[in-house]
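If you scroll down you'll find the structure; I have some questions about it.
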Amino acid sequence: MNQLTDQVYLRYFTICFLLPPATALENVSCEIFILTAFQEFGNKKDTYFWLSLIGYLLIIFVNVSLIILIYQEKKLHEPMYIFLCNLLFCELTGSTSFYIKFMIDLKINVHVISRTFCFTQIFLIYIYTVTEICILTVMAHDRYIAIHAPLHYITIFSSANIQKLIVASWIYPIVMITIGMYLSIRLPLCGNEIDRVYCNNWEIVKLSCTDTSSNNIYGSVMLCTFSIPFIFIFYSYCKILSVCWNTSRSQKYKAFQTCLPHLITLIFFISSLLFELIESRLNVKRVKNEITAFASIEFLTVPPLLNPLIYGLILPEIRKRVVYLFSRRRKQLM
């Protein structure tokens, strides 16, 4: 039964994703990629499937719940919470583009993905990664202005400026990633094995039969470009600390309380993303097992689940509202 399911699955990807009818069997490898990292999971796939399903459902629940809460509560219609909604939506996009295909592969023995779907997954995952960096930068600027120049906060973060910042946080990554995808899609490939549990652009570039210097240069430029936001974030929090240093204890606590969620989010995201970049880009040799496989997808699994919980527990306005809703619900049940 499993072999029949695997054959149907392979045929589905061969036919449904625009393979030309006249394509010979020996050329199918150019249109289908094999995700070899699933071999590291052994006979634990069912366990990982249920853990992934629970994790994905929790991600949907906590992110969507927080978005709805912010949307319905007028007191939360402030720049920081509007940016937070975009961050949560971004995480839903990234986790969905990864989890659905990942869970399907855990239930079958043929771990393949069509060329079309592979590049679609790369596009969505990269959009999630870069947009998250942009939104975290905007949120750092928001905290910097709120603490360093509170009298100018309303002027700087007007409705028009908020819309511009949000649009820029999405459009700029889309344009940059689209160019990168074009450079990769045009490459002729000499192999079809990707040593990941999801599609990775750099892994596909390494399969190319031709010169990839343009891809390497553009990738390096992108890495340098997106290192600038981290410098800006670091500068913003240094200025925040300098302002709060000479204030009263209550003001320090308030500033710390509003900045802490953002800092925790940033640290987790950067650390997990750096692991994947270093391991993939620099070809670092590693012992292959399920632990390292999951470490490479940490930036896709941990932040989308952890971030809404952090913001919900630490930010006082959200926490008060959540406690109020739970207490009211409890009284209704009693």
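The values are calculated or read from the model by the stated rules, or taken from the named source; none is laboratory data. Computed from a predicted structure; not experimentally measured. FYI the Cβ positions are ideal-geometry reconstructions off the backbone, even for glycines, and counts take in every protein chain you see. Quick note on the areas: whole protein, heavy atoms, side chains included, nothing else; ligands and nucleic acids left out. Shrake-Rupley method; radii C 1.70, N 1.55, O 1.52, S 1.80 Å.
Any idea of K320's accessible area? Nearest 10 Å², probe 1.4 Å.
130 Å²
To the nearest 0.05, what FRET efficiency results for S242 and L274 with a Förster distance of 25 Å applied to their C-beta separation?
For S242 and L274, the calculated efficiency is 0.40.
Now a separate question. Measuring with a 1.4 Å probe in the full set of protein chains, what accessible area per residue, in whole Å², belongs to region 170-253?
Solvent-accessible surface per residue comes out at 56 Å².
Further question on the same structure: For region 112-117, in order, what is each residue's ³J(HN,Hα) by Karplus, 6.51 cos²θ - 1.76 cosθ + 1.60 with θ = phi - 60°, in whole Hz (x at glycine and Pro)?
For region 112-117, the Karplus-derived couplings read 10, 8, 6, 4, 4, 5 Hz, x marking Gly and Pro.
Full-extension gain between L58 and M103, please, as 0.36 nm times their residue separation minus the C-alpha to C-alpha distance.
Full-extension gain reported as 14.7 nm.
Run the quick spin-label model on K75 and K44: label points 7 Å from Cα toward the beta carbon, then report their separation in nm to one decimal.
4.5 nm
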